[in-house]
Amino acid sequence: MTDTQKPWDQAQDYFKGPVVMRRSKVPEETTDQRLLDSRGPADWVHTDPWRVMRIQSEFVEGFGALAELGPAVSVFGSARTSVDDPTYALGENVGAALVKAGYAVITGGGPGAMEAANKGACEANGTSVGLGIELPFETGLNPFVDLGVNFRYFFARKTMFVKYSQGFIVLPGGFGTLDELFEAITLVQTQKVTSFPIILMGVAYWQGLLDWLQAAALGAGTISAKDLSLITLTDDVEEAVAAIVASDRGLQGDVPEGTGTHPE
C-alpha cells in the first residue's frame, strides 16, 4: 500500500452466504470447514441441529432462484484459466453455442473457464447463471453472471448443478472440476439421476484420464465398459451441443450410449 492509499482501497470482498465481509471481519474458517471439522471444540457439536436450518435455507433459496430458469447446461472448468489461454476462448464459444441452442448457461460463477462460459452466454444475449461458493480465496461472482446464488455448502450447490441441467460440459480443470465430473458420472451410473450427456471438452487434456480409466479401472474390473460410455470426449463445440440437444429431445441416434432425457 502506498502513502496515498487508504486501508479500504485494497480491501477484498469475502462472501459468507449473502453477507459481504472485509478486512478484520473476514473469518479464518469457512462455514463448510467448521461443519466438517471433527476435531473442533465439543461445544460446537451441539450447534449442529441448528445448522440444518441454514442448510435448508440454502436449498430453499437455490430452488426459488432457479425454479423458472428453463433448459440449462452446466459448464465446469478451472478458475485459473487465463484470458489468453485457448481454453478461455473455448469456454466463450461453448457458452455462446449453448445460448444459440436455447439453453441457459450455469457455472460456478468464478473466474477463468467459468467466466469464459458466462461471458459467451452473456454476449450472446442468453441467461448466464453463477452458483458461487464461500471460499477463502474466491473474489465473488464474475461480472458476466446475470443470475447469481452464493452458497456456504458444497453439497447444496452441487444439487443445483444437477437438478437444473440438461447436461454437463467439462472444460480443462483441477480438483474442483474433477470432483464435479466424477460426482456427475456416479449419479448417472447409479441411476440417481436419469442419464444425460457428460461431455469432456479438450482431447489433449482429458485423453490421459480416459486412458487411465480404460487401462487401470476397467482393466481391474472396478468399472464396466458401459460406465465409460457415459463420457463423451471431443474438441468440437457443435458436436458437444448437438449431443445435449439430441439427448434432451429424446433422440438417441448418434448420442453416446448412456445418455437420455433429464428428469423434470
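Read-outs: derived from the displayed coordinates by stated rules, not from any lab. Just so you know, these numbers come straight off a predicted model, no measurement behind them. Positions of Cβ are generated from backbone atoms using ideal geometry, with glycine treated the same way; all protein chains shown enter the neighbour counts.
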By how many nm would the segment from ALA124 to VAL83 grow when fully extended, if each residue of separation counts as 0.36 nm and the alpha-carbon distance is taken off?
12.9 nm
Peptides 93-100, 108-115, 212-219 ordered by average Cβ neighbours within 10 Å, highest first
108-115, 93-100, 212-219
The chain - percent relative contact order, Cα under 8 Å, separation 6 or more
17 percent
Stretch THR194-VAL26 to full length: gain in nm at 0.36 nm per residue minus the Cα-Cα span?
56.4 nm
Given H placed on each backbone N at 1.01 Å, which residues far from ILE133 in sequence or on other chains put an amide H within less than 5 Å of it?
PHE151
Going by average Cβ density within 10 Å per residue, which order do the peptides 188-198, 59-69 take, highest to lowest?
188-198, 59-69
Per the helix-only calculation at 222 nm, which mean residue ellipticity applies to the chain, given -39500 (n - 2.57) for every DSSP H run of n ≥ 4 and division by its residues, nearest 500 deg cm²/dmol?
-12000 deg cm²/dmol
Between PHE155 and TRP50, with labels modelled 7 Å along Cα→Cβ, what's the label distance in nm to one decimal, could you check?
2.0 nm
Report, in degrees rounded to the nearest 10, the 0 to 90 angle that the Cα long axis of helix 48-66 makes with the longest principal axis of the chain.
60 degrees
Compute the acute angle (0 to 90°) between the alpha-carbon long axis of helix 237-248 and the principal axis of greatest extent of the alpha-carbon atoms of the chain; round to the nearest 10°.
80 degrees
Of the labelled options (1) 7, 22, 20, 13, 11, 12, 10, 6, 1, 0; (2) 7, 31, 38, 21, 3, 0; (3) 7, 28, 33, 21, 9, 2, 0, which one gives P(r) over Cα pairs in 10 Å bins from 0, in percent as computed for this structure?
(3)
What fraction of the DSSP beta bridges in the chain is antiparallel, stated in percent and rounded to the nearest 5?
10 percent
What number of lysine-lysine pairs in the stretch 60-248 show an alpha-carbon separation below 24 angstrom, given a sequence spacing of 8 or more or placement on distinct chains?
8
Expressed in nm², what is the orientationally averaged projection area of the convex hull enclosing the Cα positions of the stretch 45-157?
7.3 nm²
Normalising by the residue count of the stretch 68-153, find the relative contact order in percent from Cα pairs under 8 Å and 6+ residues apart.
27 percent
Cα axis of helix 154-163 to longest principal axis of the chain: angle in degrees, 0 to 90, nearest 10?
40 degrees
